[in-house]
Structures are given as structure tokens and as C-alpha cells.
Amino acid sequence: MTQLPFRDRAEAGRFLGAELASRTLPKDSIVLALPRGGVPVGFEVARALAAPLDVVVVRKLGVPWQPELAMGAIASGGVRILDERLILQEGIPPEEIESVAANEAQEVERRELLYRGDRPPLELRNRLVILVDDGLATGSTMLAAVKCVQSLQPSNVTVAVPVASRQACTLIRNEADDCVCLATPARFIAVGEWYQDFRQTSDVEVRELLRQAAC
């Protein structure tokens, strides 16, 4: 039984890394972290597995007149997922979709350049990909990441997080090949409540951890 709360993301990553290291995983597995909070966790997981670390930048595509309502997502590599049923239900015109997608694609590109620099993205085809974040509340962002990564034809997509709501784990298990979660508290309001130190991860920290992982 995992002892909660975690001290910080690094400690949570070490526990998660130890759990994954106890499993028989392919030697060419890849760890992809969701910036920003997932990167300190992913760094420790990658180190435990002696695996390469990269990021997958996911941006929600919000309905133009209700931005908090997602009509899809766009991610690294130009992958775009659309909720066609919602788009039809809301009567969202194609030009509105393209406008929102273009804006978010620019943000994905900006963040990729900021975090990765001139390093090319890792090749995912036919490899086991471990998607890491610091936790799952609703699971919607991770779900977008799963779908986006699946389109790049890995052999397996495993989601790994230190803590998650039970509903989020169920959602992800229905879409990913596997979901590794150290703790699923019955009462779950927000990811941050399960960390003693949940200060925001900065862009500088993300870049430094990726630089260290690449050495």
C-alpha cells in the first residue's frame, strides 16, 4: 500500500519507477512525460528504467464559445483528435474548428521548441511507450495523450501515474494497453492534495530535466 501524501514529484517518480522496474518491460521502452508537472515524475521513472525521456505536448481544443468544453485535442507531431459527435451536437462550423486548431498548434510548436530545442522527437513505432503524469483527476488530458500516441503506432501504450481517481483509472484502462497507478484514494478532489510539495514546475525545470536525461 502506497503511503500518501508523497513528499514531492521526485519522490513519487522514484516510487513509480521502482514499481515499473519490477516488471518485465522491453529494453527499448520510452518514457513520455506530460509537461509540466509530469516531467519531474517521468525523469525519475526514466532513470529507474534506464530509458530515454521525452515529452508529449497535448493541447485541448476548446469549443469556441465554451473554451472549457473540449471538442478534441492536438498533440506533438501534428496529431489531431476530434470529438465528431460533440461537434455535430454543438453545430461547430469547420472554419471555427480550424481556427482553434491553428492557434493551439502554434502553442504546441512553441512549447516543443522551448522544451526540446533542436533535439528531434523519439521514434515511437513498434516500441513500448510509458506515458507519465503527476496524477489523474478526470483523466481527460491523459486520454488525449493516449489517443495521440496510439496514432504513431507504438507496440504498447502504458499509462503510469503515482495517484489517480478511480474514475480516471477506469477511463484510461479502457483506452490504453495498461494503466499503472500506485494509489487510487476513494475521496479524490485534486491531484495536489496527495503531495506535500506541489509547487508549479517551471519551464526552466522542464528544460533542465530533459537536458539531464539526454546526457
Sorted peptide list for 174-183, 137-146, criterion being average Cβ within 10 angstrom, highest first:
137-146, 174-183
Counting alpha carbon pairs within less than 8 Å and at least 6 residues apart, what relative contact order, in whole percent, applies to region 104-164?
42
Return P(r) of region 58-116 (all Cα-Cα pairs; 10 Å bins starting at 0; whole %; ordered from short to long distances).
24, 54, 19, 3
Using DSSP to define loop residues, name the chymotrypsin sites (Phe, Trp or Tyr not before Pro) in region 1-90 whose beta-carbon has at most 10 other beta-carbon atoms within 10 Å.
Trp65
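After finding the eigenvalues of the alpha carbon gyration tensor for region 1-75, what semi-axes result from the square roots of 5 times each, listed largest first in whole Å?
29, 16, 10
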Here region 86-135 gives, from Cα atoms, an Rg and Dmax in Å of 16.0, 41
Quick calc: nm separation of the 7 Å Cα→Cβ label points for Ser155 and Leu88 -> 3.8
Length released on extending from Thr170 to Arg187, taking residue separation times 0.36 nm less the Cα-Cα span:
4.6 nm
Antiparallel content of DSSP bridges confined to the chain, in %, to 5:
35
List the trypsin sites (Lys or Arg not before Pro) in region 174-215 that DSSP assigns to loop (not H, G, I, E or B) and whose Cβ has at most 15 other Cβ atoms within 10 Å. Which are they?
Arg187, Arg199
Approximate spin-label separation Ala18-Thr2, in nm, with each point projected 7 Å along Cα-to-Cβ:
1.3
Inter-centroid distance (Cα atoms) of region 150-198 relative to region 70-88, Å
21
In debye to the nearest 20, the charge dipole size for region 58-116, taken about the Cα centre with +1 at each Lys and Arg Cβ and -1 at each Asp and Glu Cβ, equals 320
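All of the numbers you see were taken from the coordinates with simple rules; none came from a lab. This structure is a prediction, so every number in the text was calculated from the model and none was measured. All Cβ positions, even for glycine, are placed from backbone atoms using ideal geometry, and neighbour counts span all protein chains on display.
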